[in-house]
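Step one of this worksheet: look at the structure below.
The values are calculated or read from the model by the stated rules, or taken from the named source; none is laboratory data. Values in this document were obtained by computation on a predicted structure and should not be read as measured data. Counting neighbours? That spans all protein chains shown, and the Cβs are built from the backbone with ideal geometry, glycine included. With ligands, DNA and RNA removed, areas are computed over all heavy atoms of the protein, side chains included. Shrake-Rupley method; radii C 1.70, N 1.55, O 1.52, S 1.80 Å.
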Amino acid sequence: MSNPIGVPNVQVRDKNFKYNSMKKTKLVGNIIISSILLVGSGIMIIPFVWMLLTSFDWGARLNIPYPPRFWPKEFSIKTYQLAFTNMPMIKYMINSLIISVGVILISLMSALLSGYAISKLKFKGSMVVLVLALSTMMIPFEMTMIPQYLLFSKIHLLDTYWAFFLPALNYAFGTFLAKAFIDQTPSSLREAAIIDGAGEFRVFFSVFLPLCIPIVATMAILQFLAVWNDLLWPLLALKTPDKYTIQLGLAMFRVNKTAPLPSIIMAATTVSLIPVVTLYLFLQRYIVESIALSGVKQ
């Protein structure tokens with residue numbers, strides 16, 4: 001028996017109605033999500049914008065204006081000149097750069113080698129090693145800093161860069177990231193290289209390391225952020241002012257000055273953020289790529 005006249009048209013209209021309803025619902029959902037993200041990003045960005053504009057405000061050199069203003073009352077670059085005059089900013093930034101580069105190189109090599117071994121060598125107890133390494137992440141630094149301080153004091157490594165380099169050998173989160181990323185690479189690459197006579201180190205450095213550039217970039221920016229912005233451990237480990245990091249130098253400048261210098265401190269803080277922002281801008285595409293390939297969200 002054939003369908004009555006007009007029924008197919010009714011079905012088509014019903015499908016179009018459902019499609020349009022779904023499309024409108026999806027559009028509304030996207031608008032809501034975008035609005036929430038926009039508000040969240042504004043909350044995160046506004047303090048940095050205020051800091052940048054206040055750093056050019058000569059009128060805020062003695063006191064922070066209240067209510068806060070988002071445009072300098074007396075626009076001037078004297079605050080930056082005074083920041084470099086009153087503090088050895090270049091020296092502090094070089095110290096932070098030396099420590100950051102050393103920690104990044106040591107921690108990345110440790111994490112990549114251990115991640116490769118756990119992922120591809122499949123030795124007995126490899127997952128136990130990974131779990132034990134990850135379990136150290138559950139212990140806050142505040143619980144280990146005193147024993148760590150006493151240890152480095154006993155071996156006379158306080159006030160040296162080794163107090164930063166040696167702890168970098170244990171980068172558990174980096175090991176986890178490296179393993180998750182290397183798991184996505186085909187094991188046949190290793191087998192083919194071994195058949196050709198390559199050893200494990202040759203396989204790692206010649207075959208797998210070039211493939212790990214995205215995750216290397218991710219770990220590099222994470223470690224750089226952590227080391228560059230660290231204050232607590234440098235405060236404990238460093239005693240000589242010539243070895244101060246940028247964050248420790250800023251903190252000591254604020255403490256040692258009897259008069260408040262808000263806009264000058266804002267200028268110095270803005271300068272200290274330039275390497276972090278620059279590195280992130282250069283490496284952000286690798287970070288997105290590593291997240292997409294490994295499925296690990298930061």
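Here are the numbers:
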| quantity | calculated |
| --- | --- |
| The chain, helix-only ellipticity at 222 nm - DSSP H runs n ≥ 4, -39,500 (n - 2.57), divided by all residues, nearest 500 | -22500 deg cm²/dmol |
| Burial order of peptide ranges 141-153, 79-91, 28-40 (average beta-carbon count within 10 Å, highest first) | 79-91, 141-153, 28-40 |
| Alpha carbon centroid spacing (whole Å) that separates the stretch 128-207 from the stretch 226-265 | 29 |
| Surface share of carbon and sulfur [accessible, 1.4 angstrom probe, percent] for the chain | 70 |
| Residue with peak Gaussian network fluctuation, the chain [Cα springs, cutoff 10 Å], from Met109, Met22, Met219 | Met22 |
| Per-residue HN-Hα couplings for the stretch 196-204 [Karplus 6.51, -1.76, 1.60; θ = phi - 60°; Hz; x = Gly/Pro] | 6, x, 7, x, 4, 5, 5, 4, 5 |
| Quotient of Cα Rg and 2.2 N^0.38 Å for the stretch 56-156, N being how many residues it contains | 1.84 |
| Computed over the chain: relative contact order in percent, which uses C-alpha pairs under 8 Å that are six or more apart | 29 |
| Set of aspartates and glutamates near Lys91 by C-alpha distance (under 12 Å), chain-local residues within fewer than 8 positions excluded | Asp242 |
| Solvent-accessible heavy-atom area per residue, rounded to whole Å², over the chain at 1.4 Å | 62 |
